[in-house]
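Engineer: I have a structure here, written as structure tokens, and I will follow up with some questions on it.
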Amino acid sequence: LASSLQELDLTRTSIRGTSESLATVAQLASLRHLFLPWTLVDLALARHLPRRLQWLKLSGASAFDDAALFCLAQQELTELTALDLGSPGISDDALPALEALALAGLNSLTLWH
């Protein structure tokens, strides 16, 4: 399953981003779309994403903040083209991270609170 899974939707689950759960996500090399809206993931998620991820949905992920967004921008997610992020932890200070993601190839951004 891990070698062929391309889309994972964990909407409204109790995912908190433990070391074990994030290590599992990182091992899903074929994963292209990861949906984690309304979960409690944070900065640790940004360090454990599959490199070939194309679409990341974190709308309502209230613990994902500016630091997590900066960490996400530093990852080598060369195929990430769409990001849906809604978190009260994102502020104007995160604009450089968004710019870095756009320069790396992000072409669809939904940012809301």
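Engineer: Using only Cα atoms, locate the centre of the stretch 88-113 and the centre of the stretch 21-51, then give the distance between them in Å, rounded to an integer.
Structural biologist: Cα centroid to Cα centroid, the span is 18 Å.
Engineer: Oh, and also: As I understand it, the dipole of the chain uses +1 on the Cβ of Lys and Arg and -1 on the Cβ of Asp and Glu, about the Cα centre. Which of LEU69, LEU28, LEU53 lies farthest toward its positive end?
Structural biologist: Final value for the positive-end residue is LEU28.
Engineer: Shape of the stretch 33-113 from its Cα gyration tensor (a ≥ b ≥ c, root eigenvalues): rounded if a/c is under 1.5, otherwise prolate when a/b > b/c, or oblate?
Structural biologist: Taking the square roots of the gyration eigenvalues as a ≥ b ≥ c, the stretch 33-113 is rounded.
Engineer: Same structure again: Only bridges whose two residues both fall in the chain count here: according to DSSP, what percent of them are antiparallel, nearest 5?
Structural biologist: For the chain, the DSSP antiparallel bridge percentage is about 0.
Engineer: Right, something else. Suppose a student asked you for the relative contact order of the chain, using Cα pairs under 8 Å spaced at least 6 residues apart; what percent would you report?
Structural biologist: After rounding, I find 22 percent.
Engineer: How many Å² of accessible area per residue for the chain, probe 1.4 Å?
Structural biologist: Result: 53 Å² of accessible area for each residue.
The values are calculated or read from the model by the stated rules, or taken from the named source; none is laboratory data. Owing to the predicted nature of the structure, the values given are computational and were not obtained by experimental measurement. Virtual Cβ from ideal backbone geometry, glycine too; neighbours counted across all protein chains shown. Note: accessible area is taken over every heavy atom of the protein model, side chains too, but ligands, DNA and RNA are not part of it. Shrake-Rupley method; radii C 1.70, N 1.55, O 1.52, S 1.80 Å.
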